[in-house]
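Quick note: the coordinates plus some simple rules give every number you see, no bench work behind them. What you see is a predicted model, and the numbers here were worked out from it, not measured in a lab. Methodologically, a virtual Cβ is constructed for each residue, glycine included, from the backbone with ideal geometry; neighbour enumeration extends over all protein chains shown.
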Amino acid sequence: MSLDANRSALRRSLADGLLRRGPLEAVATTIIAAGVVMLMQPFSLTLYSWSFATTLLGTVMFTIVSKVRE
Amino acid sequence: MNELSASSRIAYRAAMVRPGVARRIRGLSDRTLAWLFITPTIVLLLAINIFPLLWTIYLSFTNYRANRPNAPVIWLGADWYQSILTDPDVWAAMQVTAHFVIWTVVIETVIGFGLAFLIDKKFRGHGIWTTIILLPMMLSPAVVGNFWTFLYQPQIGLFNYVVAFFTGRDASSFQMLGDVKLSPWAIVIVDVWMWTPYVMLICLAGLRSIPDYIYEAAEVDRASKWRQFWSITLPMALPFIMLAVLFRGIENFKMFDMVNLLTGGGPGSTTEVASITLKRAAFESWRTGYSSAFAIILFVSVFGLANIYVKALNKVKSR
């Protein structure tokens, strides 16, 4: 019983740690930056093809996570 | 006399207002009044910002051509997006844009920060030098584009003569705007000349925000000037430098006017940045649907970068 309580507390603290605005915004920012780099890099046409989807994903994510609590 | 007549006019108008109307206006809540005041702004914003954006998104999924408004509009789905994102020519335009953005931002940041560092020393006559350095930024891009076209003239241009003076080459032996290898650098030089002062201003704001007592404490600890620069000046000015980098990056990503005036994307397509490709597709080939999709791709990229910019701005503000 106490083991279950410990597990759920651990899960809650992990969720509290990860589901905050700061780290989520950092992830979204990284995805946007990766998308823009993919759009302009001269090495792979495949990366260029996926750049728009990546940037869009990052931008949508940023818009959503900027509403998450601090 | 005038005041009297004005006040009497107001009193007359107040007397003419029907009591019912006056009561109705007085009875409005603060919230309703606030909405009443901001509604025109919201309507204007919807009309000139949101509606064109939504309309462009719609057009990007169709075969619409602006020069054939009566032709039947067919829904194409994401065909234009697929076409743009697999087109090697558009990819090449993106690489030209990348060359332009990366080199202008790097050179502007290095020179701008260096100038800000010097101006911050407050030497004799620093005010007049600041004004002189800021002059290019105050000019219109159209003016800058035109007079740099003259400066780059191989026969009469001052730029070629200066290069010839320092290198010993014949002034008319090279063309900055007509040469495939030199033209991408020609547009970089003009942008650096014009926008370095802007980066300098932002960096100067960063340098002036560093409190003197930190340097005084470093002096007490006998830190060298070099150590002070790397441990105090650079880290504390970094958010401002980042702001300048992001701002110039976003601006140059959508650069159109200056490049269009200087080279028009030529020779060939060596200076064809993304916005020039977009203009050609929209107003020379009249592929409105295709160019709308391209505009949306560029918009999403700039919007994403703007999000990072706002985040950096908030970081600077919180300092």
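What do you get when you divide the Cα radius of gyration of segment A:21-70 by 2.2 N^0.38 Å, with N the number of residues? Let's see the in-between values first.
Values: Rg = 11.9 Å, N = 50, 2.2 N^0.38 = 9.7 Å.
It is 1.23.
Near B:Lys225, which lysines are there with a Cα under 23 Å away, not counting those fewer than 8 places off in the same chain?
The qualifying lysines are B:Lys121, B:Lys122.
Through the Karplus equation 6.51 cos²θ - 1.76 cosθ + 1.60, θ set to phi - 60°, convert the phi angles of segment A:29-37 into ³J(HN,Hα) values in whole Hz; use x for Gly and Pro.
Residue by residue, segment A:29-37 yields 4, 5, 5, 4, 4, 4, x, 5, 5 Hz.
Whole-Å semi-axes of the protein assembly as shown's equivalent ellipsoid, largest first, each the root of 5 times a Cα gyration tensor eigenvalue?
Numbers: eigenvalues 325, 238, 213 Å².
Rounded to whole Å, the semi-axes are 40, 35, 33.
Tell me, what ³J(HN,Hα) does each residue in segment B:201-212 have, in order and in whole Hz, if you take phi through Karplus 6.51 cos²θ - 1.76 cosθ + 1.60 with θ = phi - 60° and put x for Gly and Pro?
Whole-Hz 3J(HN,Hα) from phi for segment B:201-212: 4, 5, 5, 4, 4, x, 5, 6, 7, 7, x, 5.
Skipping prolines and chain starts, which residues have an amide H placed within reach, meaning under 5 Å, of the one on B:Thr62, given they are 5 or more residues away or on another chain?
Excluding prolines and chain starts, which carry no amide H, the hits are B:Leu76.
Could you tell me the relative contact order of segment B:202-257? Use alpha-carbon pairs under 8 Å, at least six residues apart, and round to a whole percent.
Details: 25 pairs, mean separation 30.4, N = 56.
Relative contact order of segment B:202-257: 54 percent.
In what sequence do B:Met255, B:Met176 fall when counting other Cβ within 10 Å, fewest first? It would help to have the intermediate numbers written out before the result.
Details: B:Met255 20, B:Met176 24.
Least crowded to most crowded, the residues run B:Met255, B:Met176.
Counting each DSSP H run of 4 or more residues in the protein assembly as shown as -39500 (n - 2.57), what helix-only mean residue ellipticity at 222 nm follows after dividing by all residues, to the nearest 500 deg cm²/dmol? Walk me through the numbers on the way to the answer.
Values: 19 runs with 283 residues, N = 389.
That calculation yields -24000 deg cm²/dmol at 222 nm.
Specify whether the C-alpha gyration tensor of chain B places it in the rounded, prolate or oblate class, a ≥ b ≥ c being the square roots of the eigenvalues: rounded for a/c under 1.5, otherwise prolate if a/b is larger than b/c and oblate if not.
Working: a/c = 1.90, a/b = 1.17, b/c = 1.62.
Since a/c reaches 1.5 but b/c is at least a/b, the shape of chain B is classed as oblate.
Amide H neighbours of B:Ser269 under 5 Å, at least 5 residues apart or on other chains, H built in the peptide plane: list them.
none
Within 10 Å of each Cβ of A:25-38, how many other protein chain Cβ atoms are there on average? Before the final figure, lay out the partial values.
Working: counts 3, 1, 0, 4, 6, 1, 1, 8, 3, 0, 4, 10, 1, 1.
Across A:25-38, the average partner-chain Cβ count within 10 Å equals 3.
Between B:Ser318 and B:Phe283, what's the calculated FRET efficiency when r is the beta-carbon distance and R0 is 41 Å? Round to 0.05.
Working: r = 44 Å, r/R0 = 1.07.
Efficiency, from the Cβ-Cβ distance: 0.40.
Using a Förster radius of 35 Å, what is the FRET efficiency between B:Leu33 and B:Ala71 based on their Cβ-Cβ separation? Nearest 0.05, please.
Details: r = 48 Å, r/R0 = 1.38.
The calculated FRET efficiency here is 0.15.
What relative contact order, as a whole-number percentage, does chain B give when Cα pairs under 8 Å and 6 or more residues apart are counted? Kindly include the intermediate steps, with their values, before the conclusion.
Details: 304 pairs, mean separation 84.1, N = 319.
Averaging sequence separation for qualifying contacts and normalising by length gives 26 percent for chain B.
Once each part is reduced to its C-alpha centroid, what is the distance from segment B:165-194 to segment B:31-57 in angstrom?
47 Å
Would you kindly derive the ³J(HN,Hα) couplings of segment B:213-226 from the backbone phi angles with the Karplus curve 6.51 cos²θ - 1.76 cosθ + 1.60 (θ = phi - 60°), listing them in order in whole Hz, with x for Gly and Pro?
After applying 6.51 cos²θ - 1.76 cosθ + 1.60, I find 5, 5, 5, 5, 5, 5, 5, 4, 7, 6, 6, 6, 4, 4 Hz.
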